[in-house]
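A.B. asks: Would you mind keeping the following structure in view while I ask a few things?
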Amino acid sequence: MKIGLISVAGEGSNGGLESVVAELKRIDEAGFPFISMPNIFGVDAITAIALAGGQTRNLEMATGVVPTPPRHPAALAQQALTTQEACGGRFTLGIGLSHKIVIEDMFGLSYAQPAKQMREYLEVLMPLLEGKPAAFQGDLYRVNAGLQVPGGVPVPVLIAALGPRMLEVAGQLAHGTSTWMTGLATLGDHIVPTIGAAAAAAGRPQPRVLASIPVALTEDVDAASEACNKAFAIYPTLPSYKAMLDREGVAQPSEIALLGDESVIRNGIDRFRDAGVTDFAASIFPAGPGSVERTQALLKSLL
């Protein structure tokens, strides 16, 4: 299992391109194998990764995740192929449906039939990312197009899949899933076996399961729990993530996080590996003076 990080430089008033590229360079130089970069309301993650491609050497850079409804699959494929060329093959495209509150209430687009939308989207996207033409006639997308981006093929794709239908789609058509706010038990008894079975039935390789989890090295677990719940307060209010927390039998982000001393975090990461997680992404948050730096140093020692 690979251990990577969640990018923290792309959001907020100080989250400009310069700070994002500097962060990706630091993570690359620190020796981490991958970083997952959120694409929320700050800088565009794909663009930032393309800019960092020429300034990093070994780091796999993934988006976690780009919402699909506002972007036509052919347009996203073109951007992803171009970014893959800029990164020399170290780019992974993470995509997802986002949330009803974003797609309908903010963007004014339809959020109906989300699993169907993702399946049809992938029917167009995946051939293009493999250097093949896309010829698909569905209910939502009707596309006959090809792209030519030298050096951009192929682009691995991870889907933000949590429910059974989305995991089935991800296993059948993509390279894996990228999860958030999903606890250890749910990963082990739901996410990993469901996507694995779908991939096997489709004759595809064992899929990647990238699990992103809040992590803090701390001596004060109660204070860290409070900081964790404050930092990630929005997520239990979003239906898809609340469903995962409910499935885990918890209510707050801190209850699925890794918070504590070195042994707690080391043993916790081992348990995610045993559950079938292939890529562990630590979402490090401030939990006291120096906690971010100490947590990253501990994770680096585990590489």
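A.B. asks: Of the conditions (1) within 26 Å of residue 240 (Cα to Cα); (2) outside any strand (DSSP E or B); (3) of a type in the set (Gly, Ala, Ser), residue 62 satisfies every one except a single condition; which number is it?
C.D. replies: For residue 62, the exception is condition (2).
A.B. asks: When both residues are 6+ apart or on different chains and their Cβ atoms are under 9 Å apart, which pairs have a first residue that lies in the stretch 79-96 and is under 18 Å from residue 121 (Cβ atoms), and a second that is among the basic types (Lys, Arg)?
C.D. replies: As it stands, the answer is 79/71; 92/208; 95/71, since those pairs meet every condition given.
A.B. asks: Another question about this same structure. Taking into account only those residues within the stretch 5-22 that are under 19 Å from residue 281 (Cα atoms) and of a type outside the set (Gly, Ala, Ser), which is modelled with the lowest pLDDT?
C.D. replies: Ranking the qualifying residues of the stretch 5-22, first place goes to 11.
A.B. asks: If I ask for residues that are farther than 22 Å from residue 237 by Cα, of a type in the set (Val, Ile, Thr) and crowded, with 19+ Cβ neighbours inside 10 Å, which ones from the stretch 280-303 would you list?
C.D. replies: Answer for the stretch 280-303, where residues must be farther than 22 Å from residue 237 by Cα, of a type in the set (Val, Ile, Thr) and crowded, with 19+ Cβ neighbours inside 10 Å: just 295.
A.B. asks: Condition first: surrounded by 15 or more Cβ atoms within 10 Å (Cβ to Cβ) and among the polar types (S, T, N, Q). Now tell me which residues in the stretch 4-56 satisfy that.
C.D. replies: Result: 7, 19, 36, 39, 47, 56.
A.B. asks: Same structure again: If you go through the stretch 226-279, how many residues are crowded, with 19+ Cβ neighbours inside 10 Å, touching a residue at least 60 places away in the same chain (Cβ under 8 Å), of a type outside the set (Phe, Trp, Tyr) and farther than 16 Å from residue 161 by Cα?
C.D. replies: 5
A.B. asks: Which one of these is in contact with an Asp or Glu (Cβ under 7 Å, 6 or more places away or on another chain) and assigned to a helix (DSSP H, G or I): 197, 185, 170? Before you say what the answer is, go through the steps one by one.
C.D. replies: Values: 197 fails: in contact with an Asp or Glu (Cβ under 7 Å, 6 or more places away or on another chain); 170 fails: in contact with an Asp or Glu (Cβ under 7 Å, 6 or more places away or on another chain).
Selected residue: 185, the only one of 197, 185, 170 that is in contact with an Asp or Glu (Cβ under 7 Å, 6 or more places away or on another chain) and assigned to a helix (DSSP H, G or I).
A.B. asks: While we're on this one: Within 17 Å of residue 96 (Cα to Cα) and touching a Phe, Trp or Tyr at 6+ places or on another chain (Cβ under 7 Å): is that true of residue 37 in this structure? Steps first, answer last, please.
C.D. replies: Values: within 17 Å of residue 96 (Cα to Cα): yes; touching a Phe, Trp or Tyr at 6+ places or on another chain (Cβ under 7 Å): no.
So residue 37 does not fit the description; no.
A.B. asks: Quick check on residue 41: is it in contact (Cβ under 8 Å) with a residue 24 or more places away in the chain, within 21 Å of residue 156 (Cβ to Cβ), in a loop (DSSP other than H, G, I, E, B) and not hydroxyl-bearing (Ser, Thr, Tyr)?
C.D. replies: Values: in contact (Cβ under 8 Å) with a residue 24 or more places away in the chain: yes; within 21 Å of residue 156 (Cβ to Cβ): no; in a loop (DSSP other than H, G, I, E, B): yes; not hydroxyl-bearing (Ser, Thr, Tyr): yes.
The answer is no for residue 41.
A.B. asks: Further question: Only one of these is farther than 17 Å from residue 173 by Cα and without any contact (Cβ under 8 Å) to a residue 24 or more places away in the chain: 75, 145. Name it.
C.D. replies: Working: 145 fails: without any contact (Cβ under 8 Å) to a residue 24 or more places away in the chain.
When all the criteria are applied, what remains is 75.
A.B. asks: Got a sec? Which of 59, 97 is surrounded by 22 or more Cβ atoms within 10 Å (Cβ to Cβ), within 29 Å of residue 280 (Cα to Cα), of a type outside the set (Ser, Thr, Tyr) and touching an Asp or Glu at 6+ places or on another chain (Cβ under 6 Å)?
C.D. replies: Values: 97 fails: touching an Asp or Glu at 6+ places or on another chain (Cβ under 6 Å).
One residue alone meets the criteria, 59.
A.B. asks: I would also like to ask the following. Somewhere in the stretch 149-167, is a residue free of Cβ contacts under 8 Å to residues at least 24 places away in the same chain, more than 16 Å from the chain's Cα centre (by Cα) and not in a loop (DSSP other than H, G, I, E, B)?
C.D. replies: Within the stretch 149-167, none of the residues are free of Cβ contacts under 8 Å to residues at least 24 places away in the same chain, more than 16 Å from the chain's Cα centre (by Cα) and not in a loop (DSSP other than H, G, I, E, B).
A.B. asks: Here is a follow-up. Restricting to the stretch 117-142, count the residues that are part of a strand (DSSP E or B) and without any contact (Cβ under 8 Å) to a residue 12 or more places away in the chain. Reasoning before the result, please.
C.D. replies: Step one: list which residues in the stretch 117-142 are part of a strand (DSSP E or B), which gives 134-137, 142.
Pick out the ones that are also without any contact (Cβ under 8 Å) to a residue 12 or more places away in the chain and you get 135, 137, 142.
Qualifying residue count for the region: 3.
The values are calculated or read from the model by the stated rules, or taken from the named source; none is laboratory data. Remember, predicted model here, so these are calculated numbers, not experimental data. FYI the Cβ positions are ideal-geometry reconstructions off the backbone, even for glycines, and counts take in every protein chain you see.
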